[in-house]
1. Kindly provide the helix-only [θ] at 222 nm of the chain, computed as the sum of -39,500 (n - 2.57) over DSSP H runs of four or more divided by all residues, to the nearest 500 deg cm²/dmol?
2. Can you work out the accessible area per residue across the chain, with the rest of the protein chains kept in place, probe 1.4 Å, in square angstrom?
3. Over region 125-215, with every protein chain in place, what whole percent of the accessible area is carbon and sulfur at 1.4 Å, could you tell me?
4. How do Lys18, Lys124 stack up against each other in accessible area, from largest to smallest, with a 1.4 angstrom probe?
5. Given (i) 20.8, 68; (ii) 19.1, 62; (iii) 18.2, 54, which label gives Rg and Dmax of the Cα atoms in Å as computed from the coordinates?
6. What aspartates and glutamates sit close enough to Lys18 to cross-link, taking a C-alpha to C-alpha distance under 19 Å and skipping anything fewer than 8 places away on the same chain?
7. What chymotrypsin sites (Phe, Trp or Tyr not before Pro) in region 237-280 are in a loop by DSSP, with at most 12 other Cβ atoms within 10 Å of the Cβ?
8. Assuming a ≥ b ≥ c are the square roots of the Cα gyration tensor eigenvalues, decide whether region 218-280 counts as rounded (a/c under 1.5), prolate (otherwise, with a/b larger than b/c) or oblate.
Amino acid sequence: MALQDAVLGWDEDSTAEKYAAFTREFPMYGATSRDLAHRADLADARLVIDLCGGAGATARAILQLVPDQARVISLDSAAAMQRVGSRALHDPRLTWITSPAERLADHVPTGSSDAVVCNSAIWKTDTAAVFAAVAKVLRPGGRFVFNIGGGFAGVRHPDEQTAHTGPSLNTLIRQIAARDHGYTPPPSTAEPPKLSLRKVTEHLALAGLALLDTEVTAQHSTMSEKKAWLSIPVFARPSGAFTHARRMEILDAAYALTTPDTPTVTSWLVVEAQRPDGTP
């Protein structure tokens, strides 16, 4: 079965509020943000771009590492997410810009950025266009650091492969929706990963960026965090003509069949790239 992705719906107040509440209560986005920020080598940075920055979880991690005189731009196409983020994150070094990632170079001077960081979003973009824009705004030697959900990259960390915790919450949701609500799951198809490392490498090379390092990481969580994540409207399941209230009813029924502290594991492909020194 093809992975359900959340591309649309981010510019909705209900999504923005629930997403921001999730980032405050659970460590998922904070942890991935800190990981990427540390990899971006920000100790002497003057300008850092938080790409697809949403409500500012990654900007917060970046601000903790950059110098006092640095500037951080959080760029995202969803104004609702930025409205929520700007109410909670106050720092004179931070500027919010509402724009698609593909238009990054329209807002940032050529060769001015020390690093571009993108957390949990790059596969939702036109990656070839985004990589080209990133290459344009980076200074020679500047870093581009991002991650890709393991399912979208076609990778699994050994911890995920060896985890035996019973049916996933997504599986239980599909089963209950089919049994009690007439849901017909889409047919299972063997589709290639949406953004594999091979494709990433090709797009980086076309943009003139050098691949420095990759790592498959594991994020350890619990069933209760997974339920909270699936309560955010853009992530709610199943797909199809269900209201959000009905999806939450199905989620509650599925969650009742689990144990809140049951461990879950999510894999990520982390990519570090760089604009080579001496490139024009």
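1. The helix contribution divided over the chain gives -11000 deg cm²/dmol.
2. Counting only protein heavy atoms, the per-residue value for the chain is 47 Å².
3. On region 125-215, the fraction of accessible area on carbon and sulfur atoms equals 53 percent.
4. Lys18, Lys124
5. From the options (i) 20.8, 68; (ii) 19.1, 62; (iii) 18.2, 54, the structure gives (ii).
6. Asp5, Asp76, Glu225, Glu249, Asp252
7. Here no loop site has a sparse enough neighbourhood.
8. It is oblate, given that a/c is not under 1.5 and a/b is not larger than b/c.
The values are calculated or read from the model by the stated rules, or taken from the named source; none is laboratory data. All values derive from a computational prediction rather than experimental measurement. Virtual Cβ from ideal backbone geometry, glycine too; neighbours counted across all protein chains shown. These accessible areas exclude ligands, DNA and RNA; they are computed on the full protein's heavy atoms, side chains included. Shrake-Rupley method; radii C 1.70, N 1.55, O 1.52, S 1.80 Å.
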